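Chemist: Structure below; questions to follow.
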Amino acid sequence: MAAGSSGALPRASRPAVYAITAVAAAGCVAAHRWNQAVTTKRLADGIVRCSPGRRRRGDGDPAFSPGGAFGTAFAARGGATGSLDEDSSSDGDAGVGTVRPAGAAGGVGGGGTGLVPSAVGASGAPLAPAPSGLRRKRSGARGAATGGGGGGVDRAFVVQLWKFLKVLVPGVRSREFALLAIIASLLGARSYCDIWATDNGGRVVKAIVSRDRRAFYRRAIRDIFIMAWPMSAVNTGLRYFLARLKVAFRLRLSNHFHDKYLSGNTYYAVSNLDSRIQNVDQLLTTDIDRFCTALADIYSNLSKPALDVVLFSRRLSRSLGPRAAPMLIAYFVACSVALRSVQPPFGKLVAEEARLEGEYRLHHSRLITHGEEVAFYRGGAYEKAYITDALGRVAAHMKRVFRARARIGFADQFLIKYLATIVGYGLVSIPVFFPDMVSPHHRVTAAPRASPRAISAAVSLLPAQLVTPPESACLSAEKTPADDAIRDASDNTASDIAGLYTRNSRLLLALAGAIGRLVLAGKSITALTGYCARVARLDEVLSDLAVSTVPRMSLESSMDLDNEARLATLMTSGELVEGEGGGVRFAGVNVISPDRQVLLKDVNVEIPRRTHVIVAGPNGSGKSSLFRVLAGLWPLYGGTLYRPAGSRVFYVPQRPYLTLGTLRAQVVYPLSWAEAVAEKGATDELIMGFLWDARLLHVAGRKGGLDAVRDWADVLSGGEKQRLGFARMLFARPDYAVLDEASAAISLEAEGYLYERAQELGVTLITVSHRPSLFRFHTKILALDGSGGYAYRDLVAGDVPAMTFSAGEGSGASAVVSTAPDATESDREEGHEEVGALLASDEVSTVSG
Ligand SMILES: Nc1ncnc2c1ncn2[C@@H]1O[C@H](COP(=O)(O)OP(=O)(O)OP(=O)(O)O)[C@@H](O)[C@H]1O
């Protein structure tokens, strides 16, 4: 026998074997790349709802069923299958095969039936749930949002990822860096544990079969008991620190985006002025989380299997010859490619599922939101028909998905589970039945093939390292471990075979699992590119909006070039001049909506302090929009806008926003209580005073005082909410208050009192309203004509526009006052008398406190 011949791989051929293994592993991943473009695009479009959750590994002990077991191990990791699900393979248990009763499945030399419970492969990949929550107003019932394109692993991806990595791991002293380092060392330890478990499994079986009680106790009890501690710690630690890493990543990235999203009015602009992102809520919550999870998983899913493939291939090469590992890898690559070619378009199916689930949820959400209205209409049956229909569509689609899964499932089971059993047997039998395929030192030529001794000797040749370290074996020219094995075979045949068989099958199993995880890592990268593209898109839009809020709505391109040219002249950027204690003045300002509708042209309006202005005009004429420009929500076009510094102009909308928190917090919003105390000298007495002004003391009384925390948007009536809006404005005591239909639901008496009170406090009022009762509190009128024109002048008697108003929510009475321009003076007087009568009646007077 040649020098260096032994069960070990000859030194000279090792590099070649490793190279082949590495190339084959790379090919394995590359084989999946051809399918990535489609999947990535769908992910980027947010329509592939890959579940980031973990999938359970197969529970069958693979010890005695090499083919079936390693097929299972591979399939369990979604290896060659078309699974859209992702597996964070790091949750396997290094020692699981060791601790379980090894012979249970098939007995020594038997088994291998492949009837090992398989974790789901492609066919069993669960379709992830649809995105939760309602779509934003413009996204309707669509599935996940579009939000940017993903382009696979290309330069753009690398640049984006690098950018985010700098956010996620800000430096070597950061917590994230420490977590990455800990995980790396745990992954290394885990590989060591896997190898130890594989070797020890073989030794335990050998001890059992040879009835070596001492060896059995040593291997099966003492060694495992000792190793169980570090292995448990490694496995648990790996899961724990990976989970920590994901959370740490998410925290970093979410904070990064919160800083951008919540600065200035970006949160408003991104939904109202920009159509590049349809559902920023989903991006900020779900997609950031998925990106971070995918990134953390990739870290472990790529490094550990790569290390494992090298380590296990090396071991297998020693036992089964240099071709075994590459052959196994080649088999799975071939299966993978074959399965991919017959795989149904799971991405499309999942996208459709997400869309249908979204529709179904939307129906339920709408019913929750509008439950009261529907109940008043007794519209339950109507809604039920819609809901049932939507559910039916989901169910029908799921049936289609299951049929598709069943088809691919068959191929999956056949190739990956059962046919792989044959491959497994084939590999472990190579040195025995096909000696020509192994290197000369693995061959058994002296003995007749049918001789039991020869077979035993041949098999026992395989793991010469079990009895002799491979390095020394390679150097021995005189007496090799193989010779020893042949010599001892008659004494030790059964136990050796069993031990070797166990060990080799475990090695095959581990290698198959590692390949599967590598393939899956390729898929995870695909998913990561999609999430990365979406998150990068969000980053880009938020950065854009931070510097400019010029609307970027997707509009159908206009063929009207004249109109485009006219718009371009109107949409020149205006100038904003803010001054402490200054007044409000529009000088040549154009008001243009985000969808480029010219609402007002060349507005020249000056509103000095204590000049109270009422703004009137038809619906949609741009009354509110003018103040959106004043507030800086919409871009300023045309001339110059002069206004007091930000917080000196206060907005009271028709439906005041009620924040989470106490009643006290509602009044001081948007200040926190601490800020309110520091800046405004807020006290409970002061707050109570403003609540009294707004006739809301009874709310404090009934709902548990100023500290009561309620869902105020639900527990307050429409009129109470508006009064709270006034209390808030009085507390803020701004220079200017823009009251946009802010008292439409307030009784006339309370409204009058609040207006007077505001004027007493020195607040200049700009009121958008049609209520004639309010005219008396104003000195000027800004009347918009609905076609871009306006009139701004002193208010005179008879400046009462056509209107309809109610006398106050909760009053139980409403009054319609006909004051159309063509109404006679006597009609108007009649209308006001009517209001006066209602005011005098108890019905209207709902003021309490
Ligand atoms: N975010 C937006 N994107 C596009 N168009 C908008 C947006 N907000 C308002 N508009 C359009 O701008 C026009 C003026 O709206 P605005 O709210 O200023 O009307 P208004 O005069 O206050 O009407 P109303 O009396 O009904 O409250 C409307 O045609 C409206 O559809």
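Chemist: Would you mind finding the one in SER548, SER558 that is within 16 Å of the ligand (Cβ to nearest atom) and at pLDDT below 85?
Modeler: Criteria check complete, one pass: SER558.
Chemist: Criterion first (more than 16 Å from the ligand (Cβ to nearest atom) and open to solvent by 60 Å² or more (accessible area, probe 1.4 Å)) does PRO670 satisfy it?
Modeler: yes
Chemist: Exactly one condition in (1) open to solvent by less than 70 Å² (accessible area, probe 1.4 Å); (2) out of contact with any His (no Cβ under 7 Å at 6 or more places or on another chain); (3) hydrophobic (A, V, I, L, M, F, W, C) is not met by ALA381; state its number.
Modeler: Result: ALA381 passes all but (1).
Chemist: Another question, if that's okay. Among LEU273, LEU283, which is within 16 Å of the ligand (Cβ to nearest atom), outside the structural domain of PRO670 (by TED's automatic domain parsing) and open to solvent by less than 20 Å² (accessible area, probe 1.4 Å)?
Modeler: Checking each option against the conditions leaves just LEU273.
Chemist: For segment 617-632, how many residues meet the condition of being part of a loop (DSSP other than H, G, I, E, B), in contact (Cβ under 8 Å) with a residue 12 or more places away in the chain and within 29 Å of PRO772 (Cβ to Cβ)?
Modeler: 5
Chemist: So, VAL615, is that one within 16 Å of the ligand (Cβ to nearest atom) and in contact with a Lys or Arg (Cβ under 7 Å, 6 or more places away or on another chain) or not?
Modeler: yes
Chemist: If you don't mind, there's one more thing I want to ask. If a residue must be among the hydrophobic types (A, V, I, L, M, F, W, C) and farther than 14 Å from LEU660 by Cβ, how many such residues does segment 701-715 contain?
Modeler: Qualifying residue count, segment 701-715: 1.
Chemist: How many of the residues making up segment 635-659 are within 16 Å of the ligand (Cβ to nearest atom) and under 14 Å from PHE586 (Cα atoms)?
Modeler: 3
Chemist: Here are some conditions: (1) surrounded by 15 or more Cβ atoms within 10 Å (Cβ to Cβ); (2) of a type in the set (S, T, N, Q); (3) at pLDDT 90 or above. ASN200 meets all but one. Which one does it not meet?
Modeler: Only one criterion in (1) surrounded by 15 or more Cβ atoms within 10 Å (Cβ to Cβ); (2) of a type in the set (S, T, N, Q); (3) at pLDDT 90 or above is unmet by ASN200, namely (3).
Chemist: Of ARG643, ARG609, ARG695, which residue is touching a helix residue (DSSP H, G or I) at 6+ places or on another chain (Cβ under 7 Å), in a loop (DSSP other than H, G, I, E, B) and at pLDDT below 95?
Modeler: Criteria check complete, one pass: ARG695.
Chemist: Sticking with this structure for a sec: Contact list please: Cβ distance under 7 Å, first residue in segment 690-704 and on the phi > 0 side of the Ramachandran plot, second residue open to solvent by less than 50 Å² (accessible area, probe 1.4 Å), pairs at least six apart or on different chains.
Modeler: Pairs found: ARG695/ARG723; ARG695/ALA750; ARG695/VAL847; ARG695/SER848.
Chemist: Being within 16 Å of the ligand (Cβ to nearest atom), open to solvent by 10 Å² or more (accessible area, probe 1.4 Å) and outside any strand (DSSP E or B) is the filter here, so list the residues in segment 731-770 that pass it.
Modeler: The answer is GLU741, ALA744, ALA745, HIS770.
Chemist: Oh, and also: Only one of these is away from the ligand (no atom under 16 Å from the Cβ), more than 40 Å from the chain's Cα centre (by Cα) and either under 25 Å from SER769 (Cα atoms) or open to solvent by 40 Å² or more (accessible area, probe 1.4 Å) (or both): ARG710, ARG723, ARG728, ARG702. Name it.
Modeler: The conditions single out ARG702.
Chemist: Continuing with the same structure: From GLU580, GLU540, which residue is away from the ligand (no atom under 16 Å from the Cβ), at pLDDT 85 or above, acidic (Asp, Glu) and open to solvent by 20 Å² or more (accessible area, probe 1.4 Å)?
Modeler: GLU540
Chemist: Of the residues in segment 757-798, how many are among the basic types (Lys, Arg) and under 19 Å from ALA727 (Cβ atoms)?
Modeler: Number of matching residues: 1.
Chemist: Limited to segment 157-177, what total is found for residues that are in contact (Cβ under 8 Å) with a residue 40 or more places away in the chain and farther than 17 Å from ARG534 by Cα?
Modeler: 3
Chemist: Might you check whether a residue that is outside any helix (DSSP H, G or I), more than 16 Å from the ligand (Cβ to nearest atom) and free of Cβ contacts under 8 Å to residues at least 40 places away in the same chain occurs anywhere in segment 257-269?
Modeler: Within segment 257-269 (the criterion being outside any helix (DSSP H, G or I), more than 16 Å from the ligand (Cβ to nearest atom) and free of Cβ contacts under 8 Å to residues at least 40 places away in the same chain), the answer is yes, since at least one residue qualifies.
The values are calculated or read from the model by the stated rules, or taken from the named source; none is laboratory data. Values in this document were obtained by computation on a predicted structure and should not be read as measured data. As a convention, Cβ positions derive from the backbone with ideal geometry for all residues, glycine included, and neighbour counts pool all protein chains shown. For accessibility, only protein heavy atoms count, side chains too; no ligands or nucleic acids. Shrake-Rupley method; radii C 1.70, N 1.55, O 1.52, S 1.80 Å.
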